[in-house]
């Protein structure tokens, strides 16, 4: 498939690309900016741990880059670069069929290691022992839908893993009135 060049270009605009240090910062990044006086910054999720920050003026963008109380949230903060590609992606995966005797953080971490690293476990529904929703950081770019055998104390069972499609982490912009 051959694609045409898109029109997304922020060259010369007051825009930065930022990689947050901790994925859990993403839902709060807009609140952090708002509380530090940057209420007019537009934040768009780019993928992985990356966000696009669009400022109303060049001065606002420059001020942002000098604020240590904000930039501590980022492992990288750089000007827009049209050739930049997001190296990682982050996705949710539902894992079903894990034996109750193996229902441990270490088990889910080991399962996720097939594709990347465990970012967090969504254990908000403690009454559910049928499936676990996991957040994964990976360099794998195909959709994960897989069944595989696991062995616990000589007993073989099948675990199913299915990526949650159309999931995008919230940048927190909707939280501000």
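We did not get these values from a lab; they are worked out from the coordinates using the rules stated. Bear in mind that the values here come from a model prediction, so they are computed numbers and not experimental data. A quick note on method: Cβ atoms are made from the backbone with ideal geometry, for glycine too, and the neighbour counts reach across all protein chains shown.
By the compact-protein rule of thumb, 2.2 N^0.38 Å, the alpha-carbon radius of gyration of segment 89-164 corresponds to a ratio of 1.04. Segment 1-31 and segment 107-165 have Cα centres spaced 28 Å apart. Here is how the number arises for the chain: DSSP H runs of 4 or more residues each give -39500 (n - 2.57), the sum is divided by the residue count, and the result at 222 nm is -4000 deg cm²/dmol. Each peptide in 78-89, 38-49, 145-156 receives the mean, over its residues, of other Cβ atoms within 10 Å, and ordering these scores from highest gives 38-49, 78-89, 145-156.
Taking a ≥ b ≥ c as the square roots of the eigenvalues of the Cα gyration tensor, an a/c ratio of 1.5 or more together with a/b no larger than b/c marks segment 1-107 as oblate.
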